[in-house]
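A short worksheet on the structure shown next.
A short reminder: the numbers here are calculations on the coordinates, not readings from a lab. All values derive from a computational prediction rather than experimental measurement.
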Amino acid sequence: MSNNSDNCQDPKQKSRRKFLRNAGLAGLSAATAVGSESVLPVQAKGGLNEIADDSRVTNGGTPIYDKDTAVEEVLPPLKERVLALKQLLIEKKLIDEPTIGFFINYYEKAIGPHLGAAVVAHAWSNPSWKAQLLNPPGDQAFGASILIKDFLFNTINPATGKPYLSEDLTFGLTIGPEGEYIRVLANGEKLQDGKTIFVHNLVTCTVCSCYPQALLGIQPMWYKSQQYRARSVSDPLGILKEFAQESNHGKPGREKQFKTYIDNISELRVWDSNSEVRFFVIPEMPNSWSGLSEHELCQRITRNSMLGAEILYS
């Protein structure tokens with residue numbers, strides 16, 4: 001596997017890096033546009049200029065075309081549509097305000113990358129537990145979810161003084177929504193057919209944005225982008241290089257560490273998440289972190305590394 005540093009100067013790659021770096025701003029832009037009075041001109045089929053709210057452009061909305069007129073009717077802003085749908089569901093008694101509030105609180109406060117980091121740190125510190133995560137029994141394909149649940153429900157989070165998770169936060173599920181069907185992968189050396197190889201795993205979802213929310217929280221904007229979903233399959237090494245270029249910017253020694261890492265890779269495996277299974281990566285731990293407590297390790301583990309999009313540095 002080669003590493004051509006000249007590619008770093010490719011204008012197209014610079015453009016992709018800029019997209020990945022700024023993708024998170026799209027969510028902010030969308031939130032700003034929703035419900036605002038800002039407008040964009042839209043060329044109608046009949047040659048007329050209609051005015052459309054910019055939320056449909058930002059959020060991928062589609063105008064409605066009436067065959068009896070020469071003008072496109074634009075959908076209402078996203079915020080208005082969401083509120084209308086919410087009110088309809090409440091009127092139909094399919095959901096109520098307390099339930100909605102519960103979901104919002106769950107996604108804002110209960111879950112996030114700190115849960116995944118705790119799992120990774122515990123796996124690093126307990127090789128036998130890590131082995132169980134990676135090799136669940138044949139009759140329990142998602143046995144890792146049960147092990148993770150037991151750990152998160154029975155381990156105190158030093159930041160709160162309470163267990164990481166509790167029954168009242170997980171809707172009665174194993175570890176919450178999108179957490180019952182977790183398959184755990186590990187980056188690093190692996191024995192295969194009597195030979196030691198170095199494997200790096202990258203997680204994607206080529207259809208939409210399937211993702212281990214129960215362990216990492218809400219998907220980042222870049223993960224949901226069409227650009228990442230396509231290129232994670234067609235050019236996974238390029239994805240790793242671009243994330244590395246961003247995280248290594250202005251930090252001496254990291255570029256060399258990254259080159260050493262990718263030169264060691266025997267297999268770069270891309271895992272396509274779907275409605276049946278979510279993939280979660282235990283990244284390779286830098287040697288210099290050996291001896292740190294689990295709490296100290298947690299503070300150094302990044303969300304992107306648990307998707308395989310970046311590596312961890314000394």
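Hey, can you grab everything whose amide H is under 5 Å from the amide H of residue 157? Only 5+ residues off in sequence or another chain; H modelled, so Pro and N-termini drop out.
Under 5 Å from the amide H of residue 157 lie the amide H atoms of 162, 164, each far enough along the sequence or on another chain.
Would you grab the residues whose amide H sits under 5 Å from the one on residue 270? Only those 5+ places off in sequence or on another chain, please, with H modelled 1.01 Å from N.
202
Under 16 Å between C-alpha atoms is the cut-off here; go through the stretch 112-307 and count lysine pairs that meet it, provided they're at least eight residues apart or on different chains.
7
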